[in-house]
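Working notes, structure below.
The values are calculated or read from the model by the stated rules, or taken from the named source; none is laboratory data. Everything numeric here is computed off the predicted structure, so don't read it as measured data. Every residue, glycine among them, receives a Cβ derived from its backbone with ideal geometry; neighbour counts consider all protein chains shown.
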C-alpha cells in the first residue's frame, strides 16, 4: 500500500513538473509580440536592398543612357570606364532625390504620429507603414517590367507614394511604442534590447541572400 502511494506521489510530482514547464514556456511565448514582424521585415528589406542597387544602376545605363545589355551587364569592365562614370553620376543624382522623396514626408509625419497613435493605437500605424513598404516593392516589380521607364520613375511611382504612409518611421515608431505599452518597467529595457538584437541579426543574412540573388 505504501509503495503504491509512493508511486502515485511520484507520478503527481512529474505531472506538476510538466505543467510547470509548459506554463513557463507559454508565459515566455506570450512575450513575443512585434519581434517576428520586424525580423521578417528587416530580412526582406536587406535582401531587396542589395538587388535594388544593381537594378538602379542597370536602369540608368539601359534606359537613361540607352546603352545595350552587353555594356550594362559588364559595368566593371575597364573598357567601359567612361560609361561607368556617366551612369554613376546619373545614379547618384537619382539617389539624392530618391532619399529626399523617401524620408522627407516621414520626417514631417513623425511630428504628429506619436500623438495620433496614442489615440488610435499602435497597430494601425504599423500596418499602414507595412502596407506602404509592400506597395513600394510591388511598384519596383512594375518598374522592372516597364523596360522603357527611366530610373526617375521609381521616385514618382514607388518612393514618394510609399513615403506618404510613414514607411520605416511608422513601422519602427509603432513597434517600439507598442512594446513599451505592453511591457512592465522592470522588463522594458530587456525586451527592447531583445527586439533590437532580433532584427539587427537578420541584416547580414539578408545581405548575403540578396548578394546570391543578384548573381543569379
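Any residue at all in the range 194-214 that's under 19 Å from residue 41 (Cα atoms), surrounded by 14 or more Cβ atoms within 10 Å (Cβ to Cβ) and free of Cβ contacts under 8 Å to residues at least 60 places away in the same chain? Looking for residues that are under 19 Å from residue 41 (Cα atoms), surrounded by 14 or more Cβ atoms within 10 Å (Cβ to Cβ) and free of Cβ contacts under 8 Å to residues at least 60 places away in the same chain, one finds none in the range 194-214, hence no. For residue 58, only one of the following conditions fails: (1) assigned to a helix (DSSP H, G or I); (2) touching a residue at least 40 places away in the same chain (Cβ under 8 Å); (3) farther than 16 Å from residue 200 by Cα. What is its number? With respect to (1) assigned to a helix (DSSP H, G or I); (2) touching a residue at least 40 places away in the same chain (Cβ under 8 Å); (3) farther than 16 Å from residue 200 by Cα, residue 58 is out only on (2).
Checking 155, 171 one by one, the residue that is more than 27 Å from residue 29 (Cβ to Cβ), buried (at least 16 other Cβ atoms within 10 Å of the Cβ) and in the same structural domain as residue 48 (by TED's automatic domain parsing) is 155 and no other. Remark: residue 179 matches the filter, which requires a residue to be more than 24 Å from residue 50 (Cα to Cα), in contact with a helix residue (DSSP H, G or I) (Cβ under 7 Å, 6 or more places away or on another chain), touching a residue at least 24 places away in the same chain (Cβ under 8 Å) and surrounded by 13 or more Cβ atoms within 10 Å (Cβ to Cβ).
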